[in-house]
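Nothing in this text is a laboratory measurement; each read-out follows from the coordinates by a stated rule. A quick note: this is a predicted structure, and the numbers were derived from the prediction, not measured. Note that we place each Cβ from the backbone using ideal geometry, even for glycine, and neighbour counts take in every protein chain shown.
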Amino acid sequence: MIYIENLHKSYRVGKREVSALHDITLHIPKGKIFGIIGRSGAGKSTLLRTFNLLERPTRGSVCIDGVDMTTLAKADLDRTRQHIGMVFQNFSLLSAKTVGANVEFPLKLAGGFTREERQRRVDELLALVGLSAHKDKYPAQLSGGQKQRVGIARAIANAPRLLLCDEATSALDPETTQSILALLAEINARLGLTIVLITHEMQVIRSVCDQVAVIEAGGIVEMGEVSDVFLHPQHPVTRALVAEYTHDDGNLAGVRAGNGRRVRLTYVGETAYRPILTHVVEQTRATMTILQGAVSRIKDKPYGQLLVDIGGHDEDVAAVIDLFRRLDVHCEVLN
Ligand SMILES: Nc1ncnc2c1ncn2[C@@H]1O[C@H](COP(=O)(O)OP(=O)(O)OP(=O)(O)O)[C@@H](O)[C@H]1O
């Protein structure tokens, strides 16, 4: 649905040309939630803003549903933009207008609706985001999470095909963040809307995204299904972002264990519910010490990740690793 090819963006700062994005190529399938993660200054906002041409690329193409946005004349671009919603970190609500009027605003801009039609649509949208009781309040009377719900209702008012989220949860506390992410997931599932979000938090990616691109210094360094990238990060930047989230640096300085092999075990799907550790301990002669572990979910998929120390004779340790692999457990030997 979205194809970005060989995209470059540079800014002129004084006499210097500063490159913000270089050679970005990515494909986002229809109906998916696609996350772009990176550190501050990596180029996330610039990249997101090229999707609706708020930033015009210096080179390259941005094709949405077969139309290269960079080739559109102003009137066509304005029309196409009405099918691309955007949600902002600071909500960007009109403070002098009520919640209802904020959501109605893009419908008025688009034109073609009667007053009654607009009111019906506003009521529908406020029900969808759980704010029916707040229609006549002003933004200042709402919590951050409620403001973002208004921002989302406004962004999807014209039934866009694509929703761009610019750090939509960065200003919110962890609990509110989860409720907003759940709302985005629900909208994605119910309306089949493609969502592209940028974030600096792996937690956001893990909770809702299907696919992810990791961006660093204006280039994509790793991209793929979230379960692959999160559980088997390859690039140092991705490894660091995952390690910050899991508090797992692979060394666990200060944790004392035997002199065995330190192994990271990763398993996804149904395996997460099976008593595999008991099975392996019963079947082999090695000892096993759990140094760190988590059983959680990547979007809807359960996974487990354990750091263990496996002690015993070399052949016993090898037998354990072999048995884990036969049980579909990914083993990464760290020492
Ligand atoms: N209008 C501009 N003029 C000059 N340089 C810019 C401009 N906008 C962005 N840049 C530069 O482009 C690079 C990418 O910036 P961008 O805002 O896209 O990063 P980011 O990953 O979104 O960062 P953050 O998470 O801090 O918002 C940075 O080096 C930034 O200084």
ask   = Plugging the Kirkwood radius over Cα pairs into Stokes-Einstein for the chain, at a temperature of 25 °C and a viscosity of 0.890 mPa s, what D comes out in µm²/s?
value = 110 µm²/s
task = Please list, or write none, the lysines whose alpha carbon is within less than 24 Å of the alpha carbon of K137, excluding same-chain residues fewer than 8 places away.
result = K97, K108, K147
request  = With r as the distance between the Cβ atoms of A159 and Y3 and R0 = 25 Å, compute the FRET efficiency 1/(1 + (r/R0)^6) and round to 0.05.
outcome  = 0.65
inquiry  = Report for the stretch 2-244 the percent antiparallel among DSSP-assigned beta bridges with both residues inside it, nearest 5.
reply    = 55 percent
note = If R0 = 25 Å, then R56 and H200, at their Cβ-Cβ distance, give a FRET efficiency to the nearest 0.05 of 0.50
task = Assign unit charges at the C-beta atoms only (+1 for Lys and Arg, -1 for Asp and Glu), then state the dipole size of the chain relative to its Cα centre in Debye, rounded to the nearest 20.
result = 1280 debye
request  = Springs between alpha-carbon atoms under 10 Å, Gaussian network over the chain: tell me which of C165, C63, C209 tops the mean-square fluctuations.
outcome  = C63
note = Any residue on another chain or 5+ positions along whose placed amide H is under 5 Å from the amide H of L291 is listed here as L307, V308, D309
query = Given 0.36 nm per residue, what is the gain on full extension from N90 to A217 after removing their alpha carbon distance, in nm?
reply = 43.3 nm
Percentage relative contact order, the stretch 261-333, counting C-alpha pairs under 8 Å, at least six apart = 46 percent
note = Given backbone amide H placed at 1.01 Å from N, residues whose amide H is under 5 Å from that of G219, ignoring those fewer than 5 places away on the same chain, are H22
ask   = Given +1 on the Cβ of Lys and Arg, -1 on the Cβ of Asp and Glu, and no further charges, what dipole in debye does the stretch 261-333 carry about its Cα centre, rounded to the nearest 20?
value = 320 debye
request  = Straight distance only, please: which lysines reach the Cα of K299 with their own Cα at less than 17 Å, same-chain residues fewer than 8 apart left out?
outcome  = K32
remark   = Expressed in angstrom and ordered largest first, the alpha-carbon extents of the stretch 1-64 along the principal axes are 42, 24, 19
inquiry  = Quick check on the stretch 261-333: what are the equivalent-ellipsoid semi-axes from the Cα gyration tensor, as sqrt(5λ), descending, whole Å?
reply    = 21, 12, 10
message = Sorted from largest to smallest, which semi-axis lengths in Å does the alpha carbon gyration tensor of the stretch 157-286 give for its equivalent ellipsoid, taking the root of 5 times each eigenvalue?
response = 34, 19, 14
inquiry  = Projecting each Cα onto the charge dipole of the chain (Lys/Arg +1, Asp/Glu -1 at the beta carbon, about the Cα centre), which of G111, T278, T238 comes out farthest on the positive side?
reply    = G111
task = Could you give log10 I(q)/I(0) at q = 0.11, 0.13, 0.16, 0.21 Å⁻¹ for the stretch 43-135, computed by the Debye formula over C-alpha point scatterers of equal weight, without solvent?
result = -0.43, -0.59, -0.82, -1.09
query = Tell me, what ³J(HN,Hα) does each residue in the stretch 195-201 have, in order and in whole Hz, if you take phi through Karplus 6.51 cos²θ - 1.76 cosθ + 1.60 with θ = phi - 60° and put x for Gly and Pro?
reply = 10, 10, 10, 10, 7, 10, 10
